[in-house]
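The values are calculated or read from the model by the stated rules, or taken from the named source; none is laboratory data. Just so it is clear, the structure is predicted and the values come from calculations on it, not from any experiment. Note: ideal-geometry Cβ built from the backbone for every residue, glycine included; neighbour counts use all protein chains shown.
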Amino acid sequence: MNSKKIIKILKQQHPRGYRKRELFATFNLPKKEYIKFRKTLKGLISRGEIIKGGGGRLTIPDENSMFTGILSISKIKNGYIPHENFGNVDVGGGFLNGALAGDTVNVQILSNYKNRPQGRIVDILKYNTKLVHGTVLFRRGRHYLETHKFISPRPIVVNMPHGKKFSPDTIIEAEIIDRGRPSHPVFSKFVKDIGSLSNPNTDYSHIVDKFSLRDEFPAQCLLEAEELEKNTDFNNFENREDFTKLDTVTIDPDSARDYDDALSLKNNKDGSITVFVHIADVSHFVKVNSAIDKEAKLRGTSVYFVDQNIPMIPPTLTSNLCSLLPEKNRFTLTAIIDLDQNLNVTHLDVKKGVINSNIRLTYTDAQAILDNGEGENFTLLNDLRIISAKLRKNRFNSGSLNIEIPEAEFTMGNDGVPSKISVKKHLKTHELVEDFMLLANRVIAQKFSENDKSLMFRNHGKPEAERLISLNGLLAQLGDYKPLSITQAINASEFQRVLDKVADSEARHMIEIQLLRTMPKADYSLINKGHFGLNFEHYCHFTSPIRRYPDIMVHRVLSDIQDEDAGKIASSSTQSEITAMKAEREYNKIKQLRYLQELPPQIYSGIVNGMTQRGLFIMLEDILVDGFVRAEWMKDDYYYFDENRYVFIGRRYKTTYRVGQKVQVEIKKISVIKQKLDLQLVD
């Protein structure tokens, strides 16, 4: 079968393209030629000359099927590249064309499988991956590098110095010297020792390397920051509203490293209220295409670990120029929100301003003042609390989800190992600040979308039907729950109905986790799609520009500053946020495991929070770390996972384990290197 003839027919194609059989029929060939025809098609598809799209229809690729991006490699060693409109485009191992994670590549979209576009790498535009970190394994006469992050489905051979000694937990740095053919190993050479994974003080560098976090600022960024510090006059109020006479409060965590939001309040004579949500005017300092801006764009977000952080912008800005420090003039972008007596928004204005925060409180301080019912700042805090409670009630009545996932709180020792881990106490003052930030984000998104501004929205899509079906099966085993809708008619209030039913149940936390797993991740886009979890028609991120690049983008739109790369930035910011979240979680788990290693043998209380055919996932209640119990370690019976009933059950004695069930466990084995916690059930 001639490839050129197939391409010629497809160029004259029906708008929707052809299925294989339809295309074969156009050639009037005998049936015995169909196998050769299919083989020819396979070659054309693999080379990207034709595309297999939805419904298996074959078409000629157009210009829109090509795009440029940065390659990542997943745990299952397939590639994916973020696309500003389609999410991630998956690239199978056979279509990577020799590229490594981190490389800038040209990608061609070939087909769509289960609503996920599939592609192939056509060209490598820039070889970004040169130095890699990992541990060394010796097998079959060669040294291989097990990299911290997945950079290729191909093995990586490392040339080690003759006689060099190493242990399984030794971290080395290696340089890629030969990428080899796409089907051959990658070759590298030893550069230097980094340290040992058994040393807690290497945890930070390990995570930074694994997730390719940028933890050092280029010299030009630091120079720009110094110049800004020298040349900024906070007493210059030109083109800014003077808010310095307002009582203004910042409320932040005890360990806060930057203060980017503050609140003021004015009670009007007619019973209405004016709320001032002051947000640090970061876009005043981070100019489009400056060195600081380029670096912030690459980072996308700050990364917060339990004992240190990686800021998105230089420390001179985060801790001084952009931080709303007490008793100092600072520049803000302030949302002035008028509310009637029922707290309906009657007017919104956003102005550049100057504030002088006169009340600096931690969440704990603010809660103590409210609990005591007195103090010089009680009146302002109490007014804010009353409004916050009403805003929250209105939000939940409108269908917003109320999910409170407990967080671990770490007290760090000097040796890089926590001296204490506990469940972080949830305070009403956390809710107070959250309610006003949500209000500002919502009303700004709504107003400026109506004004046809090209705002960057924070979207949260509805759950997919398959996940809802699975969740319904789980809920049916946990109690008498009305099944959730499995169509796009579903809304957050249905999820909240489930949570209300288990409000006082021990299983509430586990059910909250299952609900979260059912929902897709939120993302950024120039197209408004609404926010499912909050049940908001419009939502954006305006309130944290020190630590999130999309907030800077929103500030620029509000200040009529244009950035031509907004669409690409939305996609890259989503990926940066996901990477930061994964890095923070992994760092936390490493520290949790190190903490457990130091404790004497004991019995822990745990909760079943998932199961597979292999065994049970258990979360230790007081430390909030997940472990695993293998089925073969459960000696009292032969257990299996009944997927239809979503239970783990013994074949002989019918002992049953369900999600949300409390259990007693002891630690069987801890591997910090693999981040695994093996547990054993205790009778």
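Hey, could you check the range 511-526 for residues that are outside any strand (DSSP E or B) and of a type in the set (S, T, N, Q) and say which is surrounded by the fewest Cβ atoms within 10 Å (Cβ to Cβ)?
Thr518
Hey, could you check the range 507-524 for residues that are under 15 Å from the mean Cα position of the chain (by Cα) and basic (Lys, Arg) and say which is nearest to Gly461 (Cα to Cα)?
Result: Lys521.
Considering only the range 236-247, I want to know if a residue exists there that is assigned by TED's automatic domain parsing to the domain that holds Lys287, within 27 Å of the chain's Cα centre (by Cα) and within 21 Å of Thr316 (Cα to Cα).
Within the range 236-247, not a single residue is assigned by TED's automatic domain parsing to the domain that holds Lys287, within 27 Å of the chain's Cα centre (by Cα) and within 21 Å of Thr316 (Cα to Cα).
Which of the residues spanning the range 125-181 are in contact with a helix residue (DSSP H, G or I) (Cβ under 8 Å, 6 or more places away or on another chain) and modelled with pLDDT of 90 or more?
Scanning the range 125-181 gives a single hit, Pro153.
Would you check if there is a residue in the range 574-592 being touching an Asp or Glu at 6+ places or on another chain (Cβ under 6 Å), under 23 Å from Pro520 (Cβ atoms), of a type outside the set (Phe, Trp, Tyr) and surrounded by 16 or more Cβ atoms within 10 Å (Cβ to Cβ)?
Yes, the range 574-592 contains at least one residue that is touching an Asp or Glu at 6+ places or on another chain (Cβ under 6 Å), under 23 Å from Pro520 (Cβ atoms), of a type outside the set (Phe, Trp, Tyr) and surrounded by 16 or more Cβ atoms within 10 Å (Cβ to Cβ).
Kindly check whether there is at least one residue in the range 205-219 that is in a loop (DSSP other than H, G, I, E, B), in contact (Cβ under 8 Å) with a residue 60 or more places away in the chain, buried (at least 17 other Cβ atoms within 10 Å of the Cβ) and polar (S, T, N, Q).
Yes: one or more hits.
Report whether or not Leu534 is closer than 30 Å to Val608 by Cα and assigned by TED's automatic domain parsing to the domain that holds Ser302.
yes
Does Ser505 count as within 28 Å of Asp371 (Cα to Cα), assigned to a loop (DSSP other than H, G, I, E, B) and in contact with a helix residue (DSSP H, G or I) (Cβ under 9 Å, 6 or more places away or on another chain)?
Yes; evaluated as a whole, the condition is true for this residue.
Can you find, within the range 449-472, the residue that is modelled with the lowest pLDDT among those that are surrounded by 19 or more Cβ atoms within 10 Å (Cβ to Cβ) and part of a helix (DSSP H, G or I)?
Result: Leu471.
Among residues belonging to the range 629-683 that are touching an Asp or Glu at 6+ places or on another chain (Cβ under 6 Å) and of a type in the set (A, V, I, L, M, F, W, C), point out the one that is farthest from Leu474 (Cα to Cα).
Checking each candidate, the answer is Ile673.
If you go through the range 45-86 one residue at a time, how many are part of a loop (DSSP other than H, G, I, E, B), modelled with pLDDT under 75 and either under 16 Å from Ser572 (Cα atoms) or of a type in the set (Val, Ile, Thr) (or both)? Even if it seems obvious, please write down each step before you answer.
Step one: list which residues in the range 45-86 are part of a loop (DSSP other than H, G, I, E, B), which gives 47-50, 53, 57, 60-62, 71, 74-78, 84-86.
Filter once more, so that each one left must be modelled with pLDDT under 75: 47-48, 53, 61-62, 84-86.
Add one more test, that the residue is either under 16 Å from Ser572 (Cα atoms) or of a type in the set (Val, Ile, Thr) (or both), and what stays is 84-86.
So the count comes out to 3.
Kindly indicate whether Ile490 is surrounded by 14 or more Cβ atoms within 10 Å (Cβ to Cβ), within 16 Å of His460 (Cβ to Cβ) and without any contact (Cβ under 8 Å) to a residue 40 or more places away in the chain.
The answer is yes for Ile490.
For the range 623-651, which positions are touching a strand residue (DSSP E or B) at 6+ places or on another chain (Cβ under 7 Å) and touching a residue at least 60 places away in the same chain (Cβ under 8 Å)?
Correct list: Ile623, Leu624, Val625, Val647.
Pairs please, first residue from the range 319-332 and closer than 14 Å to Thr543 by Cβ, second anywhere and of a type in the set (Gly, Ala, Ser), Cβ atoms under 9 Å, 6+ apart in sequence or on different chains.
Close Cβ pairs (under 9 Å, with a partner that is of a type in the set (Gly, Ala, Ser)) amount to Cys322/Ala280; Leu324/Ala262; Leu324/Ala280; Leu324/Ser357; Thr332/Ala262; Thr332/Ala280; Thr332/Gly353.
For the range 293-311, which residues satisfy the criterion of being within 24 Å of Glu409 (Cβ to Cβ) and more than 15 Å from the chain's Cα centre (by Cα)?
Val306, Asp307, Gln308, Asn309, Ile310, Pro311
Search the range 493-551 for residues being touching a residue at least 60 places away in the same chain (Cβ under 8 Å) and small (Gly, Ala, Ser), and hand back the single one that is nearest to Phe396 (Cα to Cα).
This residue is Ser493.
For the range 486-513, give me each residue that is modelled with pLDDT of 85 or more and small (Gly, Ala, Ser).
Ala492, Ser493 - these are the residues of the range 486-513 that are modelled with pLDDT of 85 or more and small (Gly, Ala, Ser).
Which condition breaks for Leu10 when tested against (1) part of a helix (DSSP H, G or I); (2) in contact with a Lys or Arg (Cβ under 9 Å, 6 or more places away or on another chain); (3) modelled with pLDDT under 85; (4) surrounded by 17 or more Cβ atoms within 10 Å (Cβ to Cβ)?
Of the numbered conditions (1) part of a helix (DSSP H, G or I); (2) in contact with a Lys or Arg (Cβ under 9 Å, 6 or more places away or on another chain); (3) modelled with pLDDT under 85; (4) surrounded by 17 or more Cβ atoms within 10 Å (Cβ to Cβ), the odd one out for Leu10 is (2).
Within the range 407-423, is there a residue that is among the charged types (D, E, K, R), free of Cβ contacts under 8 Å to residues at least 24 places away in the same chain and in contact with a Lys or Arg (Cβ under 6 Å, 6 or more places away or on another chain)?
yes
In the range 548-558, how many residues are crowded, with 24+ Cβ neighbours inside 10 Å and not in a strand (DSSP E or B)?
Within the range 548-558, residues that are crowded, with 24+ Cβ neighbours inside 10 Å and not in a strand (DSSP E or B) number 6.
For the range 665-681, enumerate the residues that are over 23 Å from Arg585 (Cβ atoms) and either without any contact (Cβ under 8 Å) to a residue 40 or more places away in the chain or surrounded by 14 or more Cβ atoms within 10 Å (Cβ to Cβ) (or both).
Residues satisfying the conditions are Gln680, Leu681.
Within the range 422-448, restricting attention to residues that are of a type in the set (Lys, Arg) and assigned to a helix (DSSP H, G or I), which residue is surrounded by the fewest Cβ atoms within 10 Å (Cβ to Cβ)?
Only one residue fits best here, namely Lys428.
Only one residue in Lys529, Lys482 is surrounded by fewer than 19 Cβ atoms within 10 Å (Cβ to Cβ) and at pLDDT below 85, so which one is that? Step through it out loud before you land on a result.
Details: Lys529 fails: at pLDDT below 85.
Result: Lys482 is the single residue among Lys529, Lys482 that is surrounded by fewer than 19 Cβ atoms within 10 Å (Cβ to Cβ) and at pLDDT below 85.
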